[in-house]
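The values are calculated or read from the model by the stated rules, or taken from the named source; none is laboratory data. These figures come from a predicted structure and were not determined experimentally. Cβ placement follows ideal geometry from the backbone for every residue including glycine, while neighbour counts extend to all protein chains displayed. Accessible surface is based on the protein model in full, side chains and every heavy atom, while ligands, DNA and RNA are left aside. Shrake-Rupley method; radii C 1.70, N 1.55, O 1.52, S 1.80 Å.
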Amino acid sequence: MKDLWTVASYTIKDMFKKKTFLISNLIILIMIVVGFNIPNVLSSFDNEEGEGGGSGITKELVVDSKNIYEGTLNSLNSLDLGYEFIIENKEVSFEEIKEKIENDEIEDAIIIDKINDKIQMTYIVEDATMMTEVPESLRNTFTNLYTNLQLTKLNLSEEQLASLSPEFEFSFKQTAEQEVKGNVFAIMLLSLVLFYAIYFCAYQVSASITTEKTSKIMETLVTSTKPRTIVLGKTIGIGIVGFVQVIIIVTVALICAKYCLPEGVLEAVLDMSQITPTLGIFTILYFILGYATFALLYALTGSTVSKPEDVQTANGPVAIVAVVGFYLSYFTMMNPTSDLNVFASIFPFSSPFCMPFRIMMGIATPSQIAISFAVLVVTILIIANISIKIYSNAILNYGSRVTLKDMIKMYKSKDDNNS
């Protein structure tokens with residue numbers, strides 16, 4: 001146990017000494033802070049524009065020389081559409097409108113005409129490069145205003161008028177027996193975050209082992225402790241660093257979301273009512289087990305190469321397994337009550353990214369959770385056994401890359417250096 005902690009503590013210290021590790025994490029934190037402050041920066045620009053050019057409300061000239069709207073256009077300014085409407089019931093030429101726009105008296109203009117029982121509206125702006133059509137809000141407003149004007153001429157009763165525009169109330173029901181809670185979009189986003197946390201923490205195990213093989217540090221470690229201790233110690237050490245890394249990043253993100261985003265935005269995206277201490281415990285457990293699964297696989301691949309530049313190639317199969325597991329979880333969440341999603345929550349290479357969020361949605365049964373845990377633990381023990389045995393035989397190999405055939409021979413070898 002002492003040797004295990006010695007290897008783990010050495011790994012932790014070595015990780016924090018790396019400038020690339022510290023700089024990359026600093027960049028991530030800066031990007032989080034800057035990203036969450038983008039709305040504030042944009043709003044500050046809007047405020048500056050408002051201070052320099054007025055209240056920020058668009059001045060819109062509306063010309064109704066034929067009085068088609070019969071004086072109802074005066075009600076536009078009470079609708080709070082973000083426009084200050086200037087109503088003219090006399091002829092205004094295009095040149096006059098152009099002059100008003102150039103002198104910043106108005107920003108846009110609308111000329112209303114009626115030809116052959118057809119309402120014609122001409123929208124005039126200074127530069128149409130950035131605008132391909134009349135804003136939908138204006139089109140809807142003028143259409144509804146004219147429609148209401150014509151309806152009032154029919155002398156309909158209040159009940160008849162109300163029947164023309166009834167209130168619609170929409171609700172959802174599902175045929176599945178299980179009720180899904182929470183925002184599925186937010187759940188898929190959190191699953192993506194959990195995947196990257198597990199994957200990149202585990203990936204560092206492979207890189208660390210290969211680096212130490214190259215620097216010959218491994219020879220010293222092997223002569224002073226058992227290969228089993230090295231594998232587990234490095235896995236634990238990098239896992240602790242990764243867990244602390246995730247905690248810091250998530251904490252900074254939550255603080256920025258709370259104090260930098262407009263009020264209510266975070267609650268609108270994430271259903272915070274579903275985030276409970278129980279869910280937090282399960283998420284941490286699945287993070288640990290998911291990390292252990294992929295970290296041990298990466299420990300195996302890291303021990304089979306002698307050059308850092310070969311690590312990515314050797315890690316290819318494990319990366320494919322990780323990505324397949326994640327996408328199996330990610331896409332089945334679109335239908336969380338399906339049998340395929342249940343399978344994804346039990347399959348050991350996808351369950352760390354899936355089961356915590358089935359628990360969050362309230363659709364995971366106790367038996368499913370228990371089976372998922374059992375399968376994941378058994379998988380870890382099998383992978384650990386294989387990884388440690390191959391690791392102990394391949395770790396001092398400085399020649400060509402160990403092939404799959406070589407790995408099978410090493411695993412079958414009776415010369416087990418673990419003891």
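Rundown of residues vs (1) modelled with pLDDT of 90 or more; (2) over 30 Å from A257 (Cβ atoms), yes/no style:
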residue	(1), (2)
V34	no, no
V41	no, no
N47	no, no
G52	no, yes
L79	no, yes
E99	yes, yes
D104	no, yes
I110	yes, yes
I115	no, yes
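Looking at I388, I363, I371, I346, just one residue is out of contact with any strand residue (DSSP E or B) (no Cβ under 8 Å at 6 or more places or on another chain), open to solvent by 80 Å² or more (accessible area, probe 1.4 Å) and modelled with pLDDT of 80 or more, and that residue is I371.
Within segment 357-386, residues that are of a type outside the set (A, V, I, L, M) sit with their Cβ atoms under 7 Å from residues that are assigned to a helix (DSSP H, G or I) and open to solvent by less than 30 Å² (accessible area, probe 1.4 Å), at 6+ positions apart or across chains, in these pairs: F357/I187; F357/S191; R358/S345; Q368/S345; S372/S345; S372/S351; S372/M355; T379/T293. Counting residues in segment 132-140 that are modelled with pLDDT under 85 and surrounded by 13 or more Cβ atoms within 10 Å (Cβ to Cβ) gives one or more. Screening segment 142-248 for helices (runs of 4 or more DSSP H) wholly inside it with 3 or more residues that are within 26 Å of P336 (Cα to Cα) and modelled with pLDDT of 80 or more returns the ranges 184-214.
Restricting segment 291-310 to residues that are open to solvent by 10 Å² or more (accessible area, probe 1.4 Å) and within 19 Å of Q245 (Cα to Cα), the residue that is nearest to the chain's Cα centre (by Cα) is Y291. Would segment 284-299 turn up any residue that is at pLDDT below 85 and over 30 Å from N40 (Cα atoms)? Checking segment 284-299: at least one residue is at pLDDT below 85 and over 30 Å from N40 (Cα atoms). Do you know which of the residues in segment 326-343 that are under 20 Å from Y199 (Cβ atoms) and either in contact with a Gly (Cβ under 9 Å, 6 or more places away or on another chain) or hydroxyl-bearing (S, T, Y) (or both) is most open to solvent (accessible area, probe 1.4 Å)? Of everything passing the filter in segment 326-343, Y327 is most open to solvent (accessible area, probe 1.4 Å). Criterion applied to S65, S9, S75 was being of a type in the set (G, A, S), at pLDDT 80 or above and assigned to a loop (DSSP other than H, G, I, E, B), and the one residue passing it is S65. Taking the conditions exactly as written (out of contact with any His (no Cβ under 6 Å at 6 or more places or on another chain) and closer than 21 Å to A299 by Cβ), does F349 satisfy them or not? The answer is yes for F349.
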